[in-house]
Structure formats: structure tokens, C-alpha cells
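Below: the structure, in C-alpha cells.
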Amino acid sequence: MSFFGFGQSADIDIQLDGAETRKMAEMKMEDGKKERYYLYYDGESVSGKVNVTLKKPGSRLEHQGVKIEFVGQIELYYDRGNHHEFTSLVKELARPGELMQNVSYEFEFNQVEKPYESYSGTNVRLRYFLRVTIVRRLSDIVRELDLLVHTLSSYPEMNNSIKMEVGIEDCLHIEFEYNKSKYHLKDVIVGKIYFLLVRIKIKHMEIAIIKRETTGSGPNTFNENETIAKYEIMDGAPVRGESIPIRVFLAGYDLTPTMRDINKKFSVRYYLNLVLVDEEERRYFKQQEITLWRKGERVRRPLQQQLIAQQNALQQMTLNNPHSIEHQRQQQQQKAHRQQEAQRHASQEEEEEEVEGAGVHPPMGAEPPSPQQSSTSPMQEELPEPPTPAPALPAAVAEPAEPEEPEEPEEPEEPEEILPPVQPQITRPKAGSEASIRAVDMSPPQLPSPPTEPPTSGLDSPEDEEFLEAEATTPQEEESESVSTAASSRTVAEPVAVAQ
């Protein structure tokens, strides 16, 4: 019989699913030590496997059934005999029978409700655990596994600031202000204290965070205060109108969310205690309750997984939205065009730098020609003015049968070649000359001719006058000059005819 140590017995081991990857958290126990437990949240399923190992292989183990329980209970240290269970789920793993070898049982509690957070305080403890029981006639074989539960809260809808004026009549008036009334466990308390009236000698001022644990009800109520943190925020006597800033970080302390009337057994509240101490060691204090809540922690995935998730999201967006594809194509085209422009400008700058380094400057505009260019290339001299054709009228006077054709502007003739056909025959007038003059007079002129004047005596011959006028003339001036030349030849030829 196992009662005397001669019978069969067994060891029970509970393995949770995903234990390798599940997060663990610490909790301070009754003796002050901290232990680590697997962390669960409200509404999360609890599943795993129960391994039963026989201590004496080959011997049989009689039992009245194997069961597993998920239990949530509250233990009061002053009433340890009574445990108050608020959650209890039971699953049968095996019916009554015998165990001849080692065996494993799988279990699952689907979406278990966990209404309260695990807590271990001065006078009370709230815990969740799994209990496996092999029921036997004389003594049961029991194995328990504690779990840790955190309850997550959302941001409060109303989170007003705390502002209050307190003091002693005609002695001390202060006004303290805190930025919020509800803080999460990693938050920062920010506030100010204004001194409106100071008639007592204050030595220093401090602020403390106090946890108040209340257990029992009615006349059996017990309050236990614990100072979590204490700061000295002022040293010396303040003056009227002075303000003292406050900044307290909560992340470095072992805090729990505020609990109010948990299953009507206990409560946990937190207070900000402002204390002023005068030179006679008298203490003036004011407590203000604050609410603490637990914020869900952000899970940080590895960088590679984040990049893969972003790429998958972008691909899904581009597949579902054709406009985004077109937009991306346009952006790519614009980017390629900008890159080409930048390359082209860079290549041009490099070429300019190479040219400047070699000492050869590119032509920046039309430069005046050198003497060699002016003598050899007549194109540079004709750029300012269009080429002037040869005058037709003097050629008609000299050779009426063969009039000259206008020269091409690309190959203008030199002034020496234009002078010979322009010379008029004045000393020997012929009959044909009068006819040609009359023909010129009878033809209607295209432009009105200017008044003609007889040649001055200062000129030796009309050839010099005609040479001077023919150096720089336009086609319109040439026509007017042809008419005037004919008139002058007529005036000169008539006296010769009378003399004959």
C-alpha cells in the first residue's frame, strides 16, 4: 500500500503549449522573494499536456479517475483555512481504472475568463493555477502549476487634472496641481505646487507614493499602508508666489493596477502624499488618490520580419489599386528623367573643365576677324550689309545689246572689277546713246528721282564722281543714281550736238 510507502506511486508533470516562446513575469511572494511564472491574459486559452510517470515500472496503479482543474482563488492570510474561489473549471482526463505504464493526457481550457489580475500583498493573495489530481482511495496524488495573469486596460475616456487648494487658516495656503488623475504603470507624474500664503517656517517638503491595501469588510476591515517611493522636492523656507515643480517616474517601482472591491474581499489603492515639515518637526500633509492601470506592451518584431510585412502590404495595395500602379510608374519615369538630366549636366561640366584645363576656350560669339581673314575671305566683310548687284544702267549705255546679269551674293566681285563697265562715253556721243537716254526717260521710274544738279567744276571727270557714289550704295539708291546719270549725260551731250 502506498500509505506505508510500499505501494505504487507516480510523478505528475504539466507542460504548457508554447512554453518556449511564452513570456514570463515576476511576482513577489509572501516571504519577499520573487518568482517567475508563465504570463497569460484575460480570454486566452490554456492548453498543454499532463505526463504521468510511474515510480515503479511494471507495477500497476489503481485510481478513481484523473482530472485537471483551472482555479482562480483569493487567500486571506488571517483566514488561511478558507479559500475563496471565483473561477473553477474541471476536465476529466481518465476514468477510474489502472495504470500499467507511463501515460500522457492532453488538455485545453478554451478562452478562459480571468476577471482579475494576479496579486500578492501583505494580507491577501490572488492566484491562478492548474491542479492535476489522481484520485485514490486513501491519498490523492496532486500537482499544481501557478500561472500569472495580467489584465490590460485601454486609455481612460476622461482623465482630468487634479487641482486643489489646502492649508491652515491665516498660516499656510498652498495649491497643488497634477497633470492627470489616471496613470499607467510606466507613466510620469508631472505637477506644480504654488505657495499662496506662508507664515510658518517650513524646513523641507516631500512627496510620497503610498499603496493602501484594504481587506475584509465591516468591523473586520484591515488597512495596510506601504510607502512605495519618497522624494524630497524642496529644502528651505519658501516665499509667497513661489512654485515648486514635481516630476515622478513610475517605471522603476513594483506597482500593480488599482483594484477596487475584488470579489468583495480586498482593495488596493494608491495615493500621492504631500508632506510639509516645519522647524519644530510638525508635519502637514495632504493625500490625493490616483488611479493606476496597465497598458498593453508593444511587441517588437525583428527587423527582417517588419521589412517582409511592409513589402507584402505594398504588393497587396498595388494589386488591389490600379491607380497606385500608374502613379508608381509615373514616379519611376520622372526619377529616370531627373537622373538623365543630372548625368547630362555633369558630362557638360566635365567637358567644360577639360577645355578650360587645356587652355582652349570655346567661341562665345562673333569676334572681329584677323587681317589675314579680312584679306582672304570676303564673306566676313559682307556680313553687315547684303551684297550689292552691279549697276545695270551704265552697262546698258556702254553695251546696249548685252546687259550684265546680277552676280550671286556668295561670290561678290571686287571694286576694281566693277569700275570699268560703269565708265560713260561722254567725249564721243553716238546716235544710239540718245535713243538709250530717251528710252530711259520714257520708262516710268520706280522711285522719284532727286533734283539733279550740274557737275561742279572742282571734279576733273564724271568718272571720279561715279566711283565715289558707287562705293557704298543700296539697290534703291542705284536705281535713283541710274536715272540721275542719264539726265546728266543728256545735259552734257546736248551742247556737243549743237556744236556739231
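The values are calculated or read from the model by the stated rules, or taken from the named source; none is laboratory data. What you see is a predicted model; the values in this text were computed from it and never measured. Here Cβ is always computed from backbone atoms with ideal geometry, including for glycine, and neighbour counts include all displayed protein chains.
Condition first: surrounded by fewer than 18 Cβ atoms within 10 Å (Cβ to Cβ), part of a strand (DSSP E or B) and of a type in the set (A, V, I, L, M, F, W, C). Now tell me which residues in segment 169-188 satisfy that. Matches in segment 169-188: V188 only. Of the strands (runs of 3 or more DSSP E) lying entirely inside segment 80-162, those containing at least 2 residues that are under 14 Å from K67 (Cα atoms) and β-branched (V, I, T) span 124-134, 141-150. Determine whether segment 282-301 contains at least one residue that is within 30 Å of K201 (Cβ to Cβ), outside any strand (DSSP E or B) and modelled with pLDDT of 85 or more. Yes: segment 282-301 contains one or more residues that are within 30 Å of K201 (Cβ to Cβ), outside any strand (DSSP E or B) and modelled with pLDDT of 85 or more. Which of the residues that make up segment 50-101 are within 30 Å of G216 (Cα to Cα), modelled with pLDDT under 90 and among the small types (G, A, S)? Within segment 50-101, G81 is the sole residue that qualifies. Exactly one residue out of N123, N102, N82 is surrounded by 17 or more Cβ atoms within 10 Å (Cβ to Cβ) and in the same structural domain as G65 (by TED's automatic domain parsing), and it is N123. Of the residues making up segment 46-65, those that are more than 11 Å from L93 (Cβ to Cβ), small (G, A, S) and either surrounded by 12 or more Cβ atoms within 10 Å (Cβ to Cβ) or not assigned by TED's automatic domain parsing to the domain that holds R143 (or both) are S47, G48, S59. When both residues are 6+ apart or on different chains and their Cβ atoms are under 6 Å apart, which pairs have a first residue that lies in segment 216-243 and is in contact (Cβ under 8 Å) with a residue 60 or more places away in the chain, and a second that is among the β-branched types (V, I, T)? Once the first residue is in contact (Cβ under 8 Å) with a residue 60 or more places away in the chain and sits in segment 216-243, its partners that are among the β-branched types (V, I, T) give F222/T215; E224/T122. A count restricted to segment 162-198 and to residues that are modelled with pLDDT of 90 or more, over 30 Å from M27 (Cα atoms) and among the small types (G, A, S) stands at 1. Scanning segment 186-228 for residues that are small (G, A, S) and under 26 Å from N160 (Cα atoms) yields G191, A208.
Could you list, in sequence order, all residues of segment 24-47 that are assigned to a strand (DSSP E or B) and over 37 Å from the mean Cα position of the chain (by Cα)? Once the filter is applied, which keeps residues that are assigned to a strand (DSSP E or B) and over 37 Å from the mean Cα position of the chain (by Cα), segment 24-47 yields E26, M27, K28, K34, E35, R36, Y37, Y38, V46, S47.
Among the residues of segment 240-275, the one identified as closer than 23 Å to H204 by Cβ, of a type in the set (K, R) and in a strand (DSSP E or B) is R247.
Of the residues making up segment 16-35, those that are at pLDDT 90 or above, in contact with a Ser or Thr (Cβ under 9 Å, 6 or more places away or on another chain) and of a type in the set (D, E) number 1.
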